[in-house]
Each structure stands twice: as structure tokens, then as C-alpha cells.
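Written below as C-alpha cells is the structure these notes are about.
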Amino acid sequence: MARTALLTLRIHRFEVFALGAAALVTIVAALVAAWQINAFGLPPGCMAEVMTSGPVGGCAQAWEAFSQLVERTRPLIAAIAVIPLAAGLFLGAPVVAREIERGTTRLAWSLAPSRLGWYASRILPILGIVILLSALIGVAADLYLAARSPDLDMNAAFYDYGVRGILVPARAALVFATAVVAGAAVGRLLPAILVAGLLAVGLFVGVQVAHDAILQREAIVQSQTDYSGKDRYVDTVIQFPDGTIRNIGDVPVEYHDDGTQSVDGVDVLQLGRVIPGERYPEVAAREALGVGILALALLLGAAAIISRRRPG
């Protein structure tokens, strides 16, 4: 098994090296950026002042320098978001598709005691690399984004949800599984990459829609003046004087110059429905679990395809 795993890594050494190097550069860059931002030392209370009345005096100068430093590191967010998904796609698609396309499966499947054993020895080393690299990126992203927002507790905030923490390796694993099943079904590398990319987009949209439907039922109503970046906004509602809550799209709201709102002459309040930031660990873990189960189902589907596929 160990020899087969090493052979698998050797076969895909170019992709492993290129994407591994990109991931390591991103991790180091995120850690260095976090250290630089933390070392800057934004004065206590300056962030709160910016969020309320705006920076003045010494805070204004410190905030301008802080903002420039943060702006220089902004491209890191794109790398953090893209590289784990790219690793899943470009490491997952060749695992099976390349060998089918080259015809090496004819000999391998005829000699292997079990196709499933052959399949496991191919995907597990690569999957381990994808999860390890993306998990490290998720940790580095947490540290970097926490430095950018010193007023937030990242363990109790939805700030930049999905591109940090546990969801990074979970989503990378889903893309990997999608690429593997596409490669097993199509049997050609380039078409498998294209099919996997389209399928992954569809799966992400489906997961998001399903999870948002759950969050809609769990959201709580609070005054929009209490809303902060730590909470996850769901939608806006209207509250009538008798306490009745209606969706804002279901009633004809009239907006007045003094900032008040009314419906058919009755004064109403405009409130927000949110998921409190304190629920971030639970919500992120639940979505990661769902994504992980879906990825496992796809990998099992690829195993079923391989067990029935003709070697050619």
C-alpha cells in the first residue's frame, strides 16, 4: 500500500508540487501579513470609533495607516478562497481519468486483486494532501482575518464565512470528490476537469440553498441598530405595533423624511433577522459535516463506477 501511494504521488508529482507550492506560499504570506497587522498596534478603541462616529485626531492617522497596510494584503483573500478549490479540482481529476485515458488501467485492473483496493490506493494519498494543505490555509486565514478585524472574536463571528476555518478543507474535499467521480465517469482528463468544475458549482449552489433554508427557520429578529459584522444577516422584516412580524417584501412600506416607516398609515419598525455570531462554530461545523458527507457519497459513487467500468 505504501509503495502504491508513493507511486501515485510520483505519477501526479507535477500537480502535487505546483499546487503544494502555491498553497505553502499562501500560508506563509497569510501568516506574515497577520504578524505585520498585529505588530502595527491599532490604538484600543480606534476600531469602535471608526464604526460609530468616524476616526478623529490620532485615531484618524492610525486608521489611515492601518487601512493602507490591510489594503496591500487584500489579494491574499482571493488566493485563500481559490487555491484550496483549485487543489481539489486539479489533483482530483487526474487520479482516475489520466490512467483510463492512457490505458494503464487495462493492465492495472487485470493484475490488481481488487479494483476498489487500486482505487483507494490512488485517491487516499492525494485526498490527504488536499485536506492537509487546505486545512493549513484555513488556519492561516483565521489568523489573517482576525488581525484585519481586531474588534471581532473570530470564533463568534460570521466575518468572511466560508473562506476560513473548517469549511476550507471541507469544500476542497467536495471539489476533489467531484473531480474524481467526473474522471471515473468521463475517462478523459480535460473533459473531466470541465465537467467537475460545472458540477462543483451546482453542488455549492445546492448546498448553499439548502443551508440557507435551514438558517431562515433559525434566524432571530433584532433591531437593525444592534446588527454588527459578527452576525449573519438573513433578511429584513417589518414589525407592527401589535407585535406582528411580516417580511418586508410582503407589505407596501412607505419611507418618510424623518427616517420612520409606515404601512397604510400605521407606523412600523424595520428589523433584521440574523443568526447570532455566537453560533458560528455550530453553523460552520454543521455545513462542513454536510459537505463532508456529500463528498464521501461522491467518492463511493466513483468507486461504483470503477467497479463496473470496462478497462478501456
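The values are calculated or read from the model by the stated rules, or taken from the named source; none is laboratory data. All values reported here derive from a predicted model rather than from experimental measurement. When we count neighbours, we look across all protein chains shown, and the Cβ atoms used for this are built from the backbone with ideal geometry, even at glycine.
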Just give me the residues in segment 297-310 being within 29 Å of Leu107 (Cβ to Cβ) and surrounded by fewer than 15 Cβ atoms within 10 Å (Cβ to Cβ), in sequence order.
-> Leu300, Ala304, Ser307, Arg308, Arg310
Starting from segment 20-45, keep only residues that are more than 10 Å from Pro150 (Cα to Cα), then list their pairs with residues that are among the aromatic types (Phe, Trp, Tyr) whose Cβ atoms are within a distance under 7 Å, requiring at least 6 positions of separation or different chains.
-> Ala30/Tyr144; Ala33/Tyr144; Ala34/Tyr144; Phe40/Phe66
Keeping to segment 73-105, report how many residues are assigned to a helix (DSSP H, G or I), basic (Lys, Arg) and free of Cβ contacts under 8 Å to residues at least 40 places away in the same chain.
-> 1
If we scan segment 142-157, do we find a residue that is within 12 Å of the chain's Cα centre (by Cα), in contact (Cβ under 8 Å) with a residue 40 or more places away in the chain and either closer than 25 Å to Leu294 by Cα or surrounded by 19 or more Cβ atoms within 10 Å (Cβ to Cβ) (or both)?
-> no
Looking at (1) in contact with a helix residue (DSSP H, G or I) (Cβ under 8 Å, 6 or more places away or on another chain); (2) without any contact (Cβ under 8 Å) to a residue 24 or more places away in the chain; (3) under 23 Å from Leu133 (Cα atoms); (4) not hydroxyl-bearing (Ser, Thr, Tyr), can you tell me which one Val201 breaks?
-> (1)
Is there a residue in segment 123-133 that is buried (at least 19 other Cβ atoms within 10 Å of the Cβ) and among the small types (Gly, Ala, Ser)?
-> no
If you check Val168 against the conditions, is it closer than 30 Å to Trp118 by Cβ, under 17 Å from the mean Cα position of the chain (by Cα) and assigned to a helix (DSSP H, G or I)?
-> yes
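For (1) hydroxyl-bearing (Ser, Thr, Tyr); (2) assigned to a helix (DSSP H, G or I); (3) crowded, with 16+ Cβ neighbours inside 10 Å; (4) at pLDDT 95 or above, each residue gets a yes or a no:
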{"position": "Thr8", "(1), (2), (3), (4)": "yes, yes, yes, no"}
{"position": "Ala33", "(1), (2), (3), (4)": "no, yes, yes, no"}
{"position": "Leu42", "(1), (2), (3), (4)": "no, no, yes, no"}
{"position": "Met47", "(1), (2), (3), (4)": "no, yes, yes, no"}
{"position": "Met51", "(1), (2), (3), (4)": "no, yes, no, no"}
{"position": "Gln61", "(1), (2), (3), (4)": "no, yes, no, no"}
{"position": "Ala65", "(1), (2), (3), (4)": "no, yes, no, no"}
